[in-house]
Amino acid sequence: MSLTLAQPSSKVVTEADVVAELLDGMTIGIGGWGSRRKPMSLVRAIAQSDVKDLTVVSYGGPDLGLLCATGKVRKAVYAFCSLDSIALEPHFRKARQAGAVSTLEMDEGMFLLGLQAAAWRVPFIPTRVGLGSDLLERQDEIRTVVSPYDDGEELVAAPALHLDVALIHMHRGDRRGNGQYLNVDPYFDDLFCMAADRRFMSVEKIVDTDDLAAGGPVQSLKINRLMTDGVIEAPHGAHFTECVPDYPRDEEFQRAYAASAKTPEAWNEWRAKYLDCGDHNEYRKVVGA
Amino acid sequence: MSSTNDLITRAEYCVIAVAECFRGDGEILCNPIGTVPMIGGRLARASFSPDLVMTDGEALLIAGPYPVGPTDQPKTIEAWNPYRSMFDLVWSGRRHVMMGGSQIDAFGNQNFAFVGDWDQPKAQLLGFRGAAGNTIQNITSYWIPNHSARVFVPKVDVVTGVGYDRAAKLGAAGRFHGLRHVVTNLGVLDFETEDHHMRLRSVHPGVSVDDIVAATGFELAMPSDVPETRAPTPDELELIREVIDPHGLRDKEVPNP
């Protein structure tokens with residue numbers, strides 16, 4: 001006698017499927033940190049699309065920079081935008097200095113609280129972060145709350161950062177949407193997913209569920225399938241950002257990317273070569289990854 | 001000045017001045033950001049503040065006077081400290097951070113987010129990073145490798161790190177604020193005055209008080225007698241040169257005049 005067991009649905013999709021869900025004006029959260037473990041195959045697909053007027057919420061790196069360079073960003077919700085080994089993201093700088101992108105300035109920790117508040121479905125989380133600084137003094141979007149307890153302290157109400165869509169990149173995942181990180185820091189990718197209505201995870205490799213747990217300590221299984229709606233298999237999907245232990249940051253490529261912000265000609269050349277080349281598979285051929 | 005001290009570089013005076021920021025801190029996270037700050041922090045731990053806890057610059061807490069720059073020395077890992085745990089440390093106050101700054105004023109208000117207009121800055125810099133949260137919850141010092149009137153300004157364009165005047169207005173909610181020292185390539189400043197107006201604490205040998213006054217865009221509180229920054233002891237010098245910074249990265253950040 002053979003029993004047929006019902007199986008969880010497969011959530012495997014492509015970058016194009018994700019882009020097809022995006023609408024102008026959406027708020028998109030992007031996981032990773034600086035130039036580390038960014039879902040770049042998804043970011044490039046957005047950069048190639050017709051979508052516009054996005055609000056991008058990110059511990060910013062070349063994800064935010066590339067979307068600024070391609071005119072996709074109306075507003076950046078950010079605490080920094082850095083390429084790590086290159087301190088300032090030149091494409092983001094250029095967009096800011098041209099007045100092309102408005103901002104909600106955040107502190108790194110306030111940003112975490114905003115994602116957490118959205119994930120917990122509360123409007124804010126009280127904190128001292130921001131007190132006395134221009135985060136609070138010069139931004140109407142960030143307000144204070146008075147403690148209802150005996151101390152009566154006036155604290156900052158870190159506002160919930162609701163996301164329409166979250167995009168993250170993990171080392172391994174299964175078809176059901178469980179995900180695993182293998183580097184030293186999970187960053188805040190789980191919170192990005194929990195704060196969003198639609199959640200998409202690219203992974204270096206899709207493996208059987210049994211092999212996920214075998215691939216690292218159980219603590220590395222940071223993303224469970226309650227947090228995801230779609231899985232994209234994208235080998236070298238974080239290129240050129242760091243995705244150790246699978247691959248380091250491609251520093252030479254990153255330097256070329258940074259240099260492309262210097263003149264319109266340099267940018268057109270970079271764009272033609274690395275953005276207009278096609279989908280992620282074509283891109284991998286061009287960059288040799 | 002002894003002949004030995006003549007051979008001490010400006011960067012080494014900066015390193016010892018950074019180390020002195022962390023004297024007496026006990027068992028807290030010593031978190032200096034930058035090359036000279038990292039060398040100074042590791043020196044403090046290896047010499048007179050042995051209980052300090054320090055990171056590897058990323059998500060690990062590591063023991064020992066681990067060298068800066070390229071090394072194949074294995075790390076002695078004490079603990080895992082991803083970004084999320086770092087915020088727990090900051091918000092619990094068990095940390096003394098040393099940050100940089102593009103602008104700083106007389107009460108220690110700091111800016112490294114951008115210069116110019118909020119909506120269209122003349123120069124987009126780092127953003128707020130963790131400055132607002134750091135300064136209001138744990139002890140903060142600053143490292144300014146290019147002491148000039150462009151950095152030490154009467155008014156910063158954006159307040160990213162909170163100064164004493166703004167913290168005072170917060171009442172009890174601001175009680176965890178505290179700025180320790182501002183170490184520069186020319187000398188050391190602190191806020192040990194009645195109203196926490198920035199004061200000249202010491203000048204590095206070879207720098208005059210007038211040099212610092214000329215390189216500061218506001219009036220500094222001035223003690224009647226300004227001492228020189230102390231020289232590293234022979235043991236400290238050996239630690240700096242042989243153990244913590246064998247590649248001499250300190251002299252690249254602060255060239256010897």
> Residues in the range A:55-75 that are closer than 11 Å to residue A:101 by Cα and in contact with a Leu (Cβ under 6 Å, 6 or more places away or on another chain): how many?
Replying inline: 3
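Collect the residues in the range A:114-152 that are among the aromatic types (Phe, Trp, Tyr) and more than 25 Å from the chain's Cα centre (by Cα), keeping them in residue-number order.
A:149
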> Of (1) more than 17 Å from the chain's Cα centre (by Cα); (2) within 13 Å of chain B (Cβ to nearest Cβ); (3) crowded, with 24+ Cβ neighbours inside 10 Å, residue A:178 satisfies all except one. Which?
Replying inline: (2)
> residue B:192: surrounded by fewer than 15 Cβ atoms within 10 Å (Cβ to Cβ) and of a type in the set (D, E, K, R), yes or no?
Replying inline: yes
>> Condition first: polar (S, T, N, Q) and under 16 Å from residue B:101 (Cα atoms). Now tell me which residues in the range B:180-238 satisfy that.
In response: B:184, B:185, B:216
>> Consider the range B:85-101. How many of its residues are within 11 Å of chain A (Cβ to nearest Cβ) and touching a Ser or Thr at 6+ places or on another chain (Cβ under 9 Å)?
In response: 2
>> If residue B:131 satisfies all but one of (1) hydrophobic (A, V, I, L, M, F, W, C); (2) within 11 Å of another protein chain (Cβ to nearest Cβ); (3) within 19 Å of the chain's Cα centre (by Cα); (4) surrounded by fewer than 21 Cβ atoms within 10 Å (Cβ to Cβ), what's the number of the condition it fails?
In response: (4)
> What number of residues within the range A:147-173 are among the aliphatic types (A, V, I, L, M) and under 17 Å from residue B:136 (Cα atoms)?
Replying inline: 4
> Out of all the residues in the range A:154-170, is one or more charged (D, E, K, R), surrounded by fewer than 24 Cβ atoms within 10 Å (Cβ to Cβ) and over 26 Å from residue A:67 (Cα atoms)?
Replying inline: yes
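Going through the range A:147-157 one residue at a time, which ones are facing another protein chain (nearest Cβ under 10 Å) and not acidic (Asp, Glu)?
Filtering the range A:147-157 down to residues facing another protein chain (nearest Cβ under 10 Å) leaves A:147, A:151-156.
A:147, A:152, A:155, A:156, listed by residue number.
Filter the range A:159-192 for residues that are part of a loop (DSSP other than H, G, I, E, B), among the aliphatic types (A, V, I, L, M) and in contact with a Pro (Cβ under 6 Å, 6 or more places away or on another chain); which is nearest to residue A:61 (Cα to Cα)? Explain how you work it out, then say what you get.
Of the residues in the range A:159-192, the ones part of a loop (DSSP other than H, G, I, E, B) are A:160-162, A:174-178, A:181-188.
Of the ones still in play, those that are also among the aliphatic types (A, V, I, L, M) are A:160-161, A:182, A:184.
Now drop any that are not in contact with a Pro (Cβ under 6 Å, 6 or more places away or on another chain), which leaves A:160, A:182.
Working: A:160: 22, A:182: 20 Å.
The qualifying residue nearest to residue A:61 (Cα to Cα) is A:182.
Does the range A:43-57 hold any residues that are under 9 Å from the mean Cα position of the chain (by Cα), part of a strand (DSSP E or B) and within 26 Å of residue A:266 (Cα to Cα), and which are they? Explain how you work it out, then say what you get.
First, pick out the residues of the range A:43-57 that are under 9 Å from the mean Cα position of the chain (by Cα): A:43, A:56-57.
Restricting the remaining residues to those that are part of a strand (DSSP E or B) gives A:56-57.
Residue satisfying the conditions is A:56 alone.
Do we find that residue A:261 is over 19 Å from the mean Cα position of the chain (by Cα) and surrounded by 15 or more Cβ atoms within 10 Å (Cβ to Cβ) in this structure?
Values: over 19 Å from the mean Cα position of the chain (by Cα): yes; surrounded by 15 or more Cβ atoms within 10 Å (Cβ to Cβ): yes.
For residue A:261, the condition - over 19 Å from the mean Cα position of the chain (by Cα) and surrounded by 15 or more Cβ atoms within 10 Å (Cβ to Cβ) - is met.
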> Can you name every residue in the range A:18-42 that is in a helix (DSSP H, G or I) and surrounded by fewer than 24 Cβ atoms within 10 Å (Cβ to Cβ)?
Replying inline: A:18, A:19, A:20
> Just for the range B:109-121: of the residues that are at the interface with chain A (Cβ under 7 Å from one of its Cβ atoms) and touching a Gly at 6+ places or on another chain (Cβ under 7 Å), which one is farthest from residue A:90 (Cα to Cα)?
Replying inline: B:119
> Of all residues in the range A:264-275, which are more than 20 Å from the chain's Cα centre (by Cα) and of a type in the set (A, V, I, L, M, F, W, C)?
Replying inline: A:266, A:267, A:270, A:272
> If residue B:170 passes every condition in (1) at the interface with another protein chain (Cβ under 7 Å from one of its Cβ atoms); (2) aliphatic (A, V, I, L, M); (3) within 15 Å of the chain's Cα centre (by Cα) but one, which one does it miss?
Replying inline: (3)
>> Would you confirm whether or not the range A:76-84 contains a residue that is within 17 Å of the chain's Cα centre (by Cα), within 23 Å of residue A:235 (Cα to Cα), at pLDDT 95 or above and not aromatic (Phe, Trp, Tyr)?
In response: yes
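This table checks each residue for (1) surrounded by 15 or more Cβ atoms within 10 Å (Cβ to Cβ); (2) in a strand (DSSP E or B).
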position	(1), (2)
B:14	yes, no
B:18	yes, no
B:25	yes, no
B:30	yes, yes
B:38	yes, no
B:41	yes, no
B:45	yes, no
B:57	no, no
B:61	yes, yes
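What about residue A:235, is it in a loop (DSSP other than H, G, I, E, B), touching a helix residue (DSSP H, G or I) at 6+ places or on another chain (Cβ under 9 Å) and surrounded by 19 or more Cβ atoms within 10 Å (Cβ to Cβ)? Step through it out loud before you land on a result.
On the way: in a loop (DSSP other than H, G, I, E, B): yes; touching a helix residue (DSSP H, G or I) at 6+ places or on another chain (Cβ under 9 Å): yes; surrounded by 19 or more Cβ atoms within 10 Å (Cβ to Cβ): no.
No: the conditions fail for residue A:235.
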> Only one of (1) more than 8 Å from chain A (Cβ to nearest Cβ); (2) closer than 16 Å to residue A:137 by Cα; (3) surrounded by 23 or more Cβ atoms within 10 Å (Cβ to Cβ) is not met by residue B:143, so which one is it?
Replying inline: (2)
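The values are calculated or read from the model by the stated rules, or taken from the named source; none is laboratory data. Just so it is clear, the model here is predicted, and its values are computed rather than measured. Ideal geometry is used to build each Cβ from the backbone, glycine not excepted, and the neighbour counts take in all protein chains shown.
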